[in-house]
Every structure is written in C-alpha cells, then in structure tokens.
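For reference, the structure is listed below as structure tokens.
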Amino acid sequence: MRISKSKFVAGVQCLKRLYWQVHKPELPAELDDSSESRIEQGREVGLLARQLFPGGVEVDSSTGVEQAIRATQELIANREVPAIFEGTFEHQRVIVKTDILQRRKENRWRLVEVKSIADLKNHHLEDVAIQSYVLSGSGLKLASIWLAHINLWPQKGDSLDRNARHTAPSRWPKTCYAPLICPFRPL
C-alpha cells in the first residue's frame, strides 16, 4: 500500500483519521462553505506563488501517479526548466507532490512549500519533513527548504472567508479540529 503526504499528515494528527481515510475514504463529512473557501484560497495562493518563479513548468498529474513521476524526472533532467510546480515523487511507497521546486546551482533544488496563512505553524514542519524524506530518498539533492506563507487579507466584496475560525464542539476531541479539521469528525 502507498501512503500520500496527506495521509501521513492525517496520521500525525490522529491515527483514527488515518484509519478512516485508508479503509473508509467514502465516509467523510461533506465540506462546509468554510472548508471549500480554504481549499479555493489555497489554490489561489499556489497560483500567486508560481508568479515568483517565472518559466516554471507544471507537472500534469491527470494521467496518473506513475506518469507524473516520469514527467517530473524529465523536467529535472531538462536544465532549461528553472522551476517545477506539483512535482511528484515516490520513495518506499510514500508519494508526495511538491508545491514548487526551484533549480539551484550544482544540480541542487530548493523545495518551496506554500501555505495560505498569516503565520507558519509547527505542523507545517511535518509537511515539509515528509517531502524532504521522499525527495532525498528519490535521489534529489536539496539545497534548501522554504516554508512560504502568503496571507490573503480580506477585502471588501471578497467572496472568500479568510478570517474563518473553528472551535471544536465538546463532544468531539480537539484533534478533530487541530491542526486541521478532520473530515471524519462526526463518525
């Protein structure tokens, strides 16, 4: 069985969440408006961050993981490519997709993980740690690792709820909401 970065992060937060994600992935609660807003905000921030790396190329993952891994390796081999967006890697059956890989000197790369928040949190380190493990295990030489955060402040008329706050109802454990909201929380 393969494990993705999202499953790894889910397991760090709560082993029960990982179990449900693996064995009953169809059961999560439907996304509420706030969760959908955060997902859309994350997409917007990712696109914004790409503008900082002109000439970068996105890996197409629509044809499957194996093809995305091959495409990533081809882009790494092409010295004309200054940055790779959504690069896909596998090591010891752990799969990760990187936000941004920037080519550096001496065949090394900078890993950039982009977050759409005002302040970085400790659980973001686990996110980049698993990526670093997989990339290094795949033979990629990392020059540095960056955690980039772009805070999209609310603007008048903005449709995204960028100030959404969540509190855990008393019947659910705090880990159902921290550091991320668990889609299986009502189970």
Completion exercise
Going through the range 96-118 in order, the residues found to be touching a Gly at 6+ places or on another chain (Cβ under 8 Å), in a strand (DSSP E or B) and without any contact (Cβ under 8 Å) to a residue 40 or more places away in the chain are Leu101
Problem - Filter result (more than 17 Å from the chain's Cα centre (by Cα) and surrounded by 18 or more Cβ atoms within 10 Å (Cβ to Cβ)) within the range 64-82 - result: Ala71, Leu75, Ile76
Problem - Number of the exception - Ala129 against (1) at pLDDT 85 or above; (2) farther than 20 Å from Val57 by Cα; (3) in contact with a Phe, Trp or Tyr (Cβ under 7 Å, 6 or more places away or on another chain); (4) surrounded by fewer than 17 Cβ atoms within 10 Å (Cβ to Cβ) - result: (3)
Practice task
Among the residues of the range 83-95, count how many are under 17 Å from Ile145 (Cβ atoms), surrounded by 20 or more Cβ atoms within 10 Å (Cβ to Cβ) and either in contact (Cβ under 8 Å) with a residue 40 or more places away in the chain or of a type in the set (S, T, N, Q) (or both).
Solution key: 1
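Can you report the number of residues in the range 31-60 which are touching a Ser or Thr at 6+ places or on another chain (Cβ under 6 Å) and modelled with pLDDT under 95?
Number of matching residues: 3.
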Practice task
For the range 77-95, enumerate the residues that are touching a strand residue (DSSP E or B) at 6+ places or on another chain (Cβ under 7 Å) and not in a strand (DSSP E or B).
Solution key: Val81, Pro82, Glu86, Gly87, Arg93
Fill in the blank from the handout: The residue that is surrounded by the most Cβ atoms within 10 Å (Cβ to Cβ), considering only those in the range 96-126 that are under 23 Å from Pro54 (Cα atoms) and among the polar types (S, T, N, Q), is Thr98
Handout entry: Matching option when the condition is farther than 28 Å from Val22 by Cβ, of a type in the set (Val, Ile, Thr) and modelled with pLDDT under 95, among Val112, Val65
Key = Val112
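The values are calculated or read from the model by the stated rules, or taken from the named source; none is laboratory data. Because the structure is a prediction, the values reported are computed rather than measured. In this analysis, Cβ positions are derived from the backbone assuming ideal geometry, glycine residues included, and neighbour counts consider all displayed protein chains.
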